[in-house]
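S.K.: Can you read through this structure? Questions will come right after.
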Amino acid sequence: MLKLYDYQTDLVKQARLKLKQGHTGVLIQSPAGSGKSLVIAEIARLTTARGGRVLFLVHRVEIMKQIKIDFERQGVDVSLCYFKSPTSVLNSIESICTPKLIITDESHHSNAQTYQKIYEHFHDVIRIGFTATPWQLSGKGFETTYSAMVLGKTVEWLIDNQHLAPFRMWTTKPLYNHDKLKKSRGDYSSKSINEALNTDIAGEVVSYYNQYAPGSKAILYAPSIKLSQHFADDFSNNGIRAVHVDAKTPKKEREQIMDDFKIGKIKVLCNVDLVSEGFNVPDCDCTILTRPTASLVLYTQQAMRSMRYQPNKVAKIIDCADNYTRFGTPKTPHEWSLKGRVKRSNNEQDELPIITCDSCMAVFEQSDVADNRCPYCGELINKLIQAKKERELIEAELQEVRDTASLNLNDCKNISEVFRVFEARKSVESNGKRPVFQAVGYWSRKHKNWKQDAINLCHQLNYDSKYINHIMRFFK
């Protein structure tokens, strides 16, 4: 039996506490690579140890095989466990004994009808779900399935405490014309991706690998089977053993490819979405993203696939599709919630604190920058230098306004200076008074020949004759 880390034990304790408080469904969020399978196995062990049956829902065969191994290693009584896909459960639901607990892995899928029909059938059974990203393209929340959420540690904490590998990230020349990308059912359509592809630079992906991650064991995520095969050929033609694999690859051949990749016979594994969720190869240290996506779930699963922890390992992420501009880096924080979110327009997105180095094309958080220099190559970052100058200029302008607002009106030599004082005071105090009326009012009380001065001020401010007459009548 494996010993859980403290943060994993805490997830188990928090989930059990939520159930004791009366919640019938608990969603556990913990980043990709943080060891969710061990937490799942421990919860299953505690259930079967009391004679309770467990229904484990998972949508991929590869994940199912791995979780069975994890359950056995953790001392779970697997004779009391059902390991099934949602479709398989629905096909045999009447023959399944009512479980004590339903565990759903990758539970960002749990709003799908197949899952919901199972939950409805076993409506009295408590549910625990696991996901790194409680987020859906549709914007729909998870409140109908889970009534409580337990949040795990952040990616940054896991890196700092040696539970995830640190990473370096780069962008590249634009592989796509993003103006041509169109969404269908939330994500970019295959048709628009093909139309947006800059074919003249598609062959440069191998050079990016050689530049940023030479010799690394890499997983390349492509937008289509055709392009995945194309990228595999490009690598192979350049002396780098690469193989394409997809869901239609014969089972035995696919298993052999996966085994060859794990032992290092294959350097670059090219696929579309086949090896996103639950694929665990700890010494894989590079991911190459060539598919643009509007899905935070897909981006996170793919970008972080190389971040499984190993001593002295540094993961490399090569984003050829500019996905980082939509979602940031793997350690960019997100506010997870069971509630749904408001969907935004195609052009609307958060302002992310992400910096791109013009010299080496590295991508990093603004918090990683010291002395306005790139943490990768050490070059000065022009964007930050310019932003600093703009901040200094704005602060200087604000200080000038504050200084003007504090001037004594008796020291003003003409009505224009009086106007500038009142204008500055309006900015500082955020009042609703109009500086021109205040200036004319003050000046009319101090000087007999104030009218011509007031008219001259209005001309300086480009007021038309109608508005000037209105001001003059106001002070008659």
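The values are calculated or read from the model by the stated rules, or taken from the named source; none is laboratory data. Treat the numbers as computed from the prediction; the structure is a model and nothing was measured. No Cβ is skipped: glycine too gets one built from the backbone with ideal geometry, and neighbour counts run over all protein chains shown. Note: areas computed on protein heavy atoms with side chains; ligands, DNA, RNA excluded. Shrake-Rupley method; radii C 1.70, N 1.55, O 1.52, S 1.80 Å.
S.K.: Against the definition (more than 19 Å from ILE102 (Cβ to Cβ) and crowded, with 16+ Cβ neighbours inside 10 Å), how does GLY33 come out, yes or no?
M.R.: It is true that GLY33 is more than 19 Å from ILE102 (Cβ to Cβ) and crowded, with 16+ Cβ neighbours inside 10 Å.
S.K.: Can you name the residue in the stretch 350-360 that is more than 14 Å from the chain's Cα centre (by Cα) and open to solvent by less than 60 Å² (accessible area, probe 1.4 Å) and is also nearest to ASP322 (Cα to Cα) among such residues?
M.R.: THR356
Conditions (1) over 26 Å from PRO86 (Cα atoms); (2) within 19 Å of the chain's Cα centre (by Cα); (3) open to solvent by 60 Å² or more (accessible area, probe 1.4 Å), marked per residue:
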{"position": "ARG127", "(1), (2), (3)": "no, no, no"}
{"position": "GLY141", "(1), (2), (3)": "no, yes, no"}
{"position": "PRO166", "(1), (2), (3)": "yes, yes, no"}
{"position": "LYS173", "(1), (2), (3)": "yes, no, yes"}
{"position": "GLY186", "(1), (2), (3)": "no, yes, no"}
{"position": "SER192", "(1), (2), (3)": "yes, no, no"}
{"position": "VAL205", "(1), (2), (3)": "yes, no, no"}
{"position": "TYR209", "(1), (2), (3)": "yes, no, no"}
{"position": "ILE219", "(1), (2), (3)": "yes, no, no"}
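S.K.: Being over 30 Å from LYS65 (Cα atoms), touching a strand residue (DSSP E or B) at 6+ places or on another chain (Cβ under 9 Å) and aliphatic (A, V, I, L, M) narrows it down to one residue among VAL205, VAL268; which is it?
M.R.: VAL205
S.K.: List every residue pair whose Cβ atoms lie under 9 Å apart, where the two residues are 6 or more positions apart in sequence or sit on different chains, the first residue falls within the stretch 406-422 and is touching a residue at least 40 places away in the same chain (Cβ under 8 Å) and β-branched (Val, Ile, Thr), and the second residue, located anywhere, is in a helix (DSSP H, G or I) and surrounded by 15 or more Cβ atoms within 10 Å (Cβ to Cβ).
M.R.: Partner pairs satisfying both residue conditions: ILE415/ALA439; ILE415/VAL440; ILE415/TYR442; ILE415/TRP443; ILE415/TRP450; ILE415/ASP453; ILE415/ALA454; ILE415/LEU457.
S.K.: Test PHE142 against the stated conditions and say whether it is of a type in the set (Phe, Trp, Tyr) and part of a loop (DSSP other than H, G, I, E, B).
M.R.: yes
S.K.: Inside the stretch 417-453, can you point out the residues that are farther than 24 Å from ASP403 by Cα and open to solvent by less than 70 Å² (accessible area, probe 1.4 Å)?
M.R.: SER444, TRP450, ASP453
S.K.: Is it true that PRO99 is touching a residue at least 12 places away in the same chain (Cβ under 8 Å) and over 27 Å from THR329 (Cα atoms)?
M.R.: Judged against the criteria, PRO99 is a match.
S.K.: Right, SER337: modelled with pLDDT of 90 or more and either open to solvent by 40 Å² or more (accessible area, probe 1.4 Å) or touching a Gly at 6+ places or on another chain (Cβ under 8 Å) (or both) or not?
M.R.: yes
S.K.: Further, regarding this structure: Scan the stretch 63-70 and tell me whether some residue there is without any contact (Cβ under 8 Å) to a residue 12 or more places away in the chain and at negative phi.
M.R.: Scanning the stretch 63-70 turns up at least one residue that is without any contact (Cβ under 8 Å) to a residue 12 or more places away in the chain and at negative phi.
S.K.: For LEU90, state whether it is under 21 Å from the mean Cα position of the chain (by Cα), farther than 25 Å from LEU38 by Cα, among the aliphatic types (A, V, I, L, M) and modelled with pLDDT under 95.
M.R.: no
S.K.: Next question. Mind checking which pairs have a first residue in the stretch 448-476 that is in contact (Cβ under 8 Å) with a residue 60 or more places away in the chain and a second that is outside any helix (DSSP H, G or I), Cβ under 7 Å, 6 or more apart or different chains?
M.R.: Pairs that qualify, where the first residue is in contact (Cβ under 8 Å) with a residue 60 or more places away in the chain and the partner is outside any helix (DSSP H, G or I): there are none.
S.K.: In addition: Return a yes/no flag: does the stretch 146-164 have any residue that is hydroxyl-bearing (Ser, Thr, Tyr) and free of Cβ contacts under 8 Å to residues at least 40 places away in the same chain.
M.R.: Checking the stretch 146-164: not a single residue is hydroxyl-bearing (Ser, Thr, Tyr) and free of Cβ contacts under 8 Å to residues at least 40 places away in the same chain.
S.K.: Of the residues ARG45, ARG53, which is of a type outside the set (Val, Ile, Thr), at pLDDT 95 or above and in contact with a helix residue (DSSP H, G or I) (Cβ under 7 Å, 6 or more places away or on another chain)?
M.R.: Going through ARG45, ARG53 in turn, the sole match is ARG53.
S.K.: I'm checking my understanding of the structure. Among residues of the stretch 3-20 that are more than 21 Å from TRP157 (Cβ to Cβ) and touching a residue at least 60 places away in the same chain (Cβ under 8 Å), which one is surrounded by the fewest Cβ atoms within 10 Å (Cβ to Cβ)?
M.R.: Going through the qualifying residues, I end up with LEU19.
S.K.: Just checking, which of ILE193, ILE219 is closer than 25 Å to ALA362 by Cβ, among the hydrophobic types (A, V, I, L, M, F, W, C) and outside any loop (DSSP other than H, G, I, E, B)?
M.R.: ILE219
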